[in-house]
1. So for each of 21-27, 70-76 I average, over its residues, the number of other beta carbons within 10 Å; can you give me the resulting order with the highest mean first?
2. What full-extension length gain, to one decimal in nm, is calculated for residue 51 and residue 68 as 0.36 nm per residue of separation minus the Cα-Cα distance?
3. Ratio of the chain's C-alpha Rg to 2.2 N^0.38 Å, to two decimals?
4. Rounded to the nearest 10 Å², what accessible area does residue 51 show when all protein chains are kept and the probe is 1.4 Å?
5. If you roll a 1.4 angstrom probe over the protein chains with everything in place, what fraction of the accessible area of the chain belongs to carbon and sulfur, to the nearest %?
6. Run the simple label-point estimate for residue 30 and residue 60 please: 7 Å along Cα→C-beta, distance reported in nm.
Amino acid sequence: FGDSPGSRNGGMSIAYAAGDLLVKSEDAPNVVVEVFAPSGALAMRQTLNLDDGRARIGLSSLASGIYVARLRDNEGNECATKFIKK
């Protein structure tokens, strides 16, 4: 139940699978990933340079719980997904 179907916006997508965030961007090589706790507090922020258009982000530093992950590019395009980390 913890895996999310993910979210897609144009050439960007973000999904949670097997304890990691899977990030893809076909157009923008530089993206920002932010993970928020249910309270709205920022739990993690990472800037990525996607040379090959995709990345996998390990979330071992996050405590178990419900989170929202948001992917945003330099032009303000974004997509998000909600997930449960066990």
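The values are calculated or read from the model by the stated rules, or taken from the named source; none is laboratory data. These numbers were taken from a predicted model, which means no experiment stands behind them. Note that we place each Cβ from the backbone using ideal geometry, even for glycine, and neighbour counts take in every protein chain shown. Protein only, heavy atoms only, side chains kept; ligands, DNA and RNA dropped before computing areas. Shrake-Rupley method; radii C 1.70, N 1.55, O 1.52, S 1.80 Å.
1. Values: 21-27: 18.3, 70-76: 15.0.
My ranking of the peptides, most packed first, is 21-27, 70-76.
2. On the way: separation 17, 0.36 × 17 = 6.12 nm, distance 2.47 nm.
My answer for the length gained is 3.6 nm.
3. Numbers: Rg = 11.8 Å, N = 86, 2.2 N^0.38 = 12.0 Å.
Normalised Rg, Cα atoms only: 0.99.
4. In the full protein context, residue 51 sits at about 140 Å².
5. Details: 2320 of 4830 Å².
In the chain, the share of accessible area belonging to carbon and sulfur is 48 percent.
6. If labels sit at residue 30 and residue 60, their model points lie 2.9 nm apart.
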